[in-house]
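Enquirer: One structure coming up, written as structure tokens, with questions to follow.
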Amino acid sequence: IKKIGVMTSGGDSPGMNPAIRSVVRTCAYHNIECVGIYRGYQGLIEGDFKYLDARSVNNIINKGGTILKSARSQEFRTKEGRQKAYDNAVKEGIDALVVIGGDGSFTGAMIFSDEFGVSVMGIPGTIDNDIHGTDSTLGYDTALNTVVEAIDKIRDTASSHNRLFFVEVMGRDVGHIALNAGVGAGAEEILIPEENLGKDRLIESLRRSRQSGKSSSIVVVAEGDKTGSNVFDLKNYVEENLPEYEVRVSVLGHMQRGGSPSCWDRVLASRMGVKAVESLMEGKTNYMVGIKENKMSLCPIDKAVKGKTEIDMELLRVSDIMTT
Ligand code: F6P
């Protein structure tokens, strides 16, 4: 391998910059040229490249977002778009691609590799932690800390005004952020797509909580949860059925995707970048780098895309016990 292209694709996440830095520096260490591809697959289609040496990634380990920018390219979904991307990769002399992103980005990498035989290696970068083959994705830990910090602040108002807060968090179709941040922030209830509590049990639980002497509560709701049609529907339902509650809603939104990466995400990104480049050097392709039982591992990229991630049901039980 002489030249590796690196890109970030899909939703950004804290940890992408440390991962870019790691890929670039591992390439420099092994005397491989590294080309940064801007705006994900769209930049590959448009030939938006920049040569990256070890010094070009100074001072980014602590930065959120991605210096390479990110995009969800519609054109890359077409055969013509992918042909343009391939022609540019050949013109630039790129032998292999490191794609930092989520399952949509990996699906693109897989199709591209099948069609044109390009070597690809994925690094999981998403706050959602919804990728099979790794215990943790880049940005997930930072997002958890951001959510917990935000809920700690909301708790001040909840407690001062004896209010109930519904806090909606991201996570797309899975409840990892909600469940872990919910336990970390001491939420009264955690509503996740994997286990539908049902509106009536929610009401029962909140009633019991009041009776047990609690005057304020936090309910964390995953954006993919289906207990109500949305978080405001839940608010209305509680107000109708438990008039003693004063209810507010807080949707945390994109602040969960930003900010300086946590130490865990920086270390994980550094490890994943080294593993990705060195695996390509060993001739491996069509894998995603992951962390399993604190060891770097490789998962076939199709399994990473299609496999399910499982929610830790024991953690739900822990949450129930903690709200006694
Ligand atoms: O995948 C990351 C994520 O932030 C999800 O949690 C959320 O559902 C989605 O992206 C939001 O996407 P967008 O930034 O395009 O609105």
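The values are calculated or read from the model by the stated rules, or taken from the named source; none is laboratory data. The structure displayed is predicted, hence computed values, not measured ones. Cβ atoms come from the backbone with ideal geometry, glycine included; neighbour counts cover every protein chain shown.
Enquirer: Give the residue that is farthest from the ligand (Cβ to nearest atom), with candidates limited to residues of the range 182-201 that are more than 15 Å from T323 (Cβ to Cβ) and part of a helix (DSSP H, G or I).
Expert: Only one residue tops the list, namely D200.
Enquirer: Any residue that is touching a residue at least 40 places away in the same chain (Cβ under 8 Å) and touching a Ser or Thr at 6+ places or on another chain (Cβ under 7 Å) - is there at least one of those in the range 239-249?
Expert: no
Enquirer: Would you check if there is a residue in the range 293-310 being small (G, A, S) and modelled with pLDDT under 95?
Expert: Yes, some residue in the range 293-310 is small (G, A, S) and modelled with pLDDT under 95.
Enquirer: To continue, here is another question. Tell me the residue from R257, R210, R163, R271 that is modelled with pLDDT under 95 and charged (D, E, K, R), please.
Expert: Step by step, each of R257, R210, R163, R271 is checked, and only R210 is modelled with pLDDT under 95 and charged (D, E, K, R).
Enquirer: Of all residues in the range 179-219, which are in contact with a Leu (Cβ under 7 Å, 6 or more places away or on another chain) and closer than 30 Å to G11 by Cα?
Expert: Of everything in the range 179-219, those that are in contact with a Leu (Cβ under 7 Å, 6 or more places away or on another chain) and closer than 30 Å to G11 by Cα turn out to be L179, N180, A181, V183, G184, E189, I190, L191, I192, E195, L197, V219.
Enquirer: Turning to a different aspect of this structure: Go through the range 30-45 and give me each residue that's touching a helix residue (DSSP H, G or I) at 6+ places or on another chain (Cβ under 8 Å) and either more than 26 Å from T142 (Cα to Cα) or surrounded by 24 or more Cβ atoms within 10 Å (Cβ to Cβ) (or both).
Expert: Once the filter is applied, which keeps residues that are touching a helix residue (DSSP H, G or I) at 6+ places or on another chain (Cβ under 8 Å) and either more than 26 Å from T142 (Cα to Cα) or surrounded by 24 or more Cβ atoms within 10 Å (Cβ to Cβ) (or both), the range 30-45 yields H30, I32, E33, C34, V35, I37, G40, Y41, Q42, L44, I45.
Enquirer: Read through the list (1) within 21 Å of V169 (Cα to Cα); (2) surrounded by fewer than 18 Cβ atoms within 10 Å (Cβ to Cβ); (3) more than 16 Å from the ligand (Cβ to nearest atom), then give the number of the only condition that N230 fails.
Expert: (3)
Enquirer: Please go through (1) more than 25 Å from the chain's Cα centre (by Cα); (2) outside any helix (DSSP H, G or I) for P124 and return the number of the only condition it doesn't satisfy.
Expert: Among (1) more than 25 Å from the chain's Cα centre (by Cα); (2) outside any helix (DSSP H, G or I), the lone unmet condition for P124 is (1).
Enquirer: Moving to a separate point now. Being crowded, with 18+ Cβ neighbours inside 10 Å and charged (D, E, K, R), is that true of even one residue in the range 290-311?
Expert: no
Enquirer: Hey, can you tell me all the residues within the range 75-111 that are within 16 Å of I4 (Cα to Cα) and surrounded by 22 or more Cβ atoms within 10 Å (Cβ to Cβ)?
Expert: A85, A89, I94, A96, L97, V98, V99, I100, A109
Enquirer: Out of the range 134-177, which residues are assigned to a strand (DSSP E or B) and either of a type in the set (A, V, I, L, M) or within 14 Å of the ligand (Cβ to nearest atom) (or both)?
Expert: If the condition is that a residue be assigned to a strand (DSSP E or B) and either of a type in the set (A, V, I, L, M) or within 14 Å of the ligand (Cβ to nearest atom) (or both), then L138, L164, V167, E168, V169 are the ones that fit.
Enquirer: In the range 164-207, which residues are more than 18 Å from the chain's Cα centre (by Cα), of a type outside the set (A, V, I, L, M, F, W, C) and surrounded by 18 or more Cβ atoms within 10 Å (Cβ to Cβ)?
Expert: Across the range 164-207, the qualifying residues are E188, E189.
Enquirer: If you scan the range 202-225, which residues turn out to be touching a strand residue (DSSP E or B) at 6+ places or on another chain (Cβ under 8 Å) and assigned to a helix (DSSP H, G or I)?
Expert: Selection gives L202, S205, L206, S209.
Enquirer: How about the range 1-100: which helices (runs of 4 or more DSSP H) wholly inside it have at least 1 residues that are under 21 Å from the mean Cα position of the chain (by Cα), in contact (Cβ under 8 Å) with a residue 12 or more places away in the chain and within 16 Å of the ligand (Cβ to nearest atom)?
Expert: Once the helices (runs of 4 or more DSSP H) in the range 1-100 are filtered for at least 1 residues that are under 21 Å from the mean Cα position of the chain (by Cα), in contact (Cβ under 8 Å) with a residue 12 or more places away in the chain and within 16 Å of the ligand (Cβ to nearest atom), what remains is 16-29, 40-46.
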